[in-house]
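The values are calculated or read from the model by the stated rules, or taken from the named source; none is laboratory data. These numbers come from a predicted model, not from an experiment. Note that each Cβ is placed from the backbone with ideal geometry, even for glycine, and that neighbours are counted across all protein chains shown. Side chains included, ligands, DNA and RNA excluded: accessible areas come from the protein's heavy atoms. Shrake-Rupley method; radii C 1.70, N 1.55, O 1.52, S 1.80 Å.
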Amino acid sequence: MSTDLGTAGEMESRELVHFVTQQTRFALINNILQHPEQLPSMYELEELNPSVSKATVYKHIQKLIDAGIVNEVALDDDQRRQGYPWKFYGLTEEGRTFLNEHNLLAAEETLQQIYETISDKPEKMVKYENAPRPKEK
């Protein structure tokens, strides 16, 4: 079954809602929404999901990319800085539209407010939050 939003073999809307609301995938979507730039790095996603293995976080991000919900964006070579991430994950326009149509973005502002209250972030995570990000999502 294809999960690409842009193909003729598109998932039924109900199946796609079920797909994106699977616990780990929905947590990752919420992590993207709550991030200050809505473009967290893989490390930030892993830190926000300590009970999930790194391999599982990666696998579910890949599934969301394959489904057309999430996009991987990278800094241009001349913008990359040693010791900082250069790949980031954000919602696609189609993904944001789909989530909005199914009322799955209702808590976006609340998620951002909750994120701002996290006070025990590792130093590396704070550093990565302040890393340069691509201008376009």
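Here's the yes/no breakdown for (1) of a type outside the set (S, T, N, Q); (2) touching a helix residue (DSSP H, G or I) at 6+ places or on another chain (Cβ under 8 Å); (3) within 30 Å of Arg14 (Cβ to Cβ):
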| residue | (1), (2), (3) |
| --- | --- |
| Asn30 | no, yes, yes |
| Val73 | yes, no, yes |
| Ala106 | yes, no, yes |
| Ala131 | yes, no, no |
Quiz item: Are any residues in region 91-115 free of Cβ contacts under 8 Å to residues at least 40 places away in the same chain and loosely packed, with under 14 Cβ neighbours inside 10 Å, and if so, which ones?
Solution: Glu93, Thr97, Asn100, Glu101, Asn103, Ala106, Glu109, Thr110, Gln113
Quiz item: Right, Pro40: in contact with a Phe, Trp or Tyr (Cβ under 9 Å, 6 or more places away or on another chain), modelled with pLDDT under 95, of a type outside the set (Ser, Thr, Tyr) and assigned to a loop (DSSP other than H, G, I, E, B) or not?
Solution: no
Quiz item: Which condition does Phe88 not pass, out of (1) buried (at least 17 other Cβ atoms within 10 Å of the Cβ); (2) touching a residue at least 12 places away in the same chain (Cβ under 8 Å); (3) touching a helix residue (DSSP H, G or I) at 6+ places or on another chain (Cβ under 8 Å), if it passes all the others?
Solution: (3)
Practice problem: Scan region 5-37 residue by residue and report those that are of a type outside the set (Gly, Ala, Ser), open to solvent by less than 60 Å² (accessible area, probe 1.4 Å) and modelled with pLDDT under 85. | Solution: Leu5, Thr7, Met11
Self-check item: Subset of region 43-81 [open to solvent by 80 Å² or more (accessible area, probe 1.4 Å), more than 21 Å from Met125 (Cα to Cα) and in a loop (DSSP other than H, G, I, E, B)]
Solution: Asp76
Exercise. Run Tyr128 past the list (1) without any contact (Cβ under 8 Å) to a residue 24 or more places away in the chain; (2) hydroxyl-bearing (Ser, Thr, Tyr); (3) part of a helix (DSSP H, G or I) and report the number of the one that doesn't hold.
Key: (1)
